[in-house]
Amino acid sequence: MYDLPVVSLKDSVSEQEWQTRVELAACYRLLVMHGWDDLIHSHISARIPGTDHLLLNAFGLTFDEITASNLVKIDIQGNIVQEDCPFTINPAGFTIHSALHEARHEDQCTLHVHTNETVAVASLEEGLLPLSQYSMFALASLAYHDYEGLAVNDEEKQRLKDDLGNANFFLLKNHGAITLGKTIGDAFMHMYDLTRACEIQLQVQATGKSAFMVDQSIVDGIKAQANIVHSGQTGGQKAWPAMMRKVKRAYPDFDM
């Protein structure tokens, strides 16, 4: 009754799809390790390179149950496209993720969380403030979307696309946070920065003291600097392999 179906796809999908599955499963486990998961709710989706197919978590699984094989392959309309799949997906999660993948075909990954800190900052009228170095990365590429209830209405998709624009960081008011990335590792590193920024802001505000705000001229100049920090040999390309090794040590089954 409570056992999960056992699925093994390693020898029945392309090498590129398998690598995407392994990295996405690792990202789900990283959310558990950072305390960013939310029972069976929330999602990380990834496009299989060279295709219009997406991978998404099966509805009803906790994030520490996600493996490379039990991720569900869907098309952009939300139809499951793998044979004999024993799982379903969450329609609410698909509405948001499909809209963003449609809008940003060049980005592989969309990562969505409902952490206390991101929901809290997304619920503040002033939103994210320039209070820390972590906030600089997000403020260089940040957008907001008004709360419209549970995301099951296809009419909301166009408003999500319009509000996202070219941003890589997306706060859904009263709801949570989304980051996008050209790779799964990029999306994870963006969420790490955004989450730290929200945590620090709430801690500063909790003191009740006046805080130093970073000058807007510095915020305006951060984007080019952020591109250096989170790319190449100094940033995301080095951090993501380290994160993969960390998951492997903690969860030997994620790449099954």
Q) Roughly how many nanometres apart are two label points built 7 Å out from the Cα toward the Cβ at Phe212 and Asp253? A) 4.9
Q) Rounded to the nearest whole Å², what accessible area per residue is found for region 129-180 with the 1.4 Å probe? A) 45
Q. At a probe size of 1.4 Å, how large is the accessible area of Asp154, to the nearest 10 Å²?
A. 110
Q. Given a 1.4 Å probe and every protein chain left where it sits, what share in percent of the accessible area of region 156-206 is carbon and sulfur?
A. 45
Q.
Give me the net charge for the shell around Gln216: Cβ to Cβ below 15 angstrom, other residues only, Lys and Arg +1, Asp and Glu -1.
A. -2
Q | Å³ per residue enclosed by the Cα convex hull of region 165-204 | A | 69
Q.
Can you sort Ile178, Ile200 by solvent-accessible area, 1.4 Å probe, largest first?
A. Ile200, Ile178
Q: Excluding Leu39 itself, calculate the net charge of residues whose Cβ lies under 15 Å from the Cβ of Leu39, where each Lys or Arg counts +1 and each Asp or Glu counts -1.
A: -4
Q | FRET E, pair Glu83, Lys246, Förster distance 41 Å, beta-carbon r, rounded to 0.05 | A | 0.80
Q) Under the rule of -39500 (n - 2.57) per DSSP H run of 4 or more residues, summed and divided by the residues of the chain, what mean residue ellipticity at 222 nm is obtained, to the nearest 500 deg cm²/dmol? A) -13500 deg cm²/dmol
**Q.** Where GluC sites (Glu not before Pro) in DSSP loops with at most 13 other Cβ within 10 Å are excluded, longest remaining stretch of the chain
**A.** 156-256
(Q) Report the gain in length on full extension from His105 to Asp3: 0.36 nm times residue separation, minus Cα-Cα distance, nm rounded to one decimal. (A) 33.1 nm
(Q) Going by Cα centres, region 132-181 and region 1-80 are how many Å apart? (A) 22
Q. Any idea what % of Cα-Cα pairs in the chain are farther than 32 Å?
A. 20
(Q) Mean-square fluctuation check for the chain, GNM, Cα pairs under 10 Å: which of Gly176, Gly221, Gly127 is largest? (A) Gly221
**Q.** Value in Å of the Kirkwood radius, where region 1-90 supplies the Cα pairs that are averaged
**A.** 13.2
Q | Stokes-Einstein translational diffusion, region 103-182 - Kirkwood Rh over all Cα pairs, 1.306 mPa s, 10 °C, in µm²/s | A | 122
Q) Which of Lys161, Lys173, Lys238 moves the most in a Gaussian network model of the chain with Cα springs under 10 Å? A) Lys238
Q | Cα-projected label distance for Asp75 with Asn166, points at 7 Å along beta-carbon direction, nm | A | 3.2
Q) Rounded if a/c is under 1.5, else prolate if a/b is larger than b/c, else oblate: which is region 42-109, with a ≥ b ≥ c the root eigenvalues of its Cα gyration tensor? A) prolate
Q) Just for the chain, what percent of DSSP beta bridges are antiparallel, to the closest 5? A) 85
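The values are calculated or read from the model by the stated rules, or taken from the named source; none is laboratory data. Being a predicted model, the structure only gives us computed values, none of them experimental. Using ideal geometry, Cβ is built from the backbone for each residue, glycine included, and neighbour counts are taken over all protein chains shown. Just the protein is used for accessible areas: all its heavy atoms, side chains included, with ligands, DNA and RNA removed. Shrake-Rupley method; radii C 1.70, N 1.55, O 1.52, S 1.80 Å.
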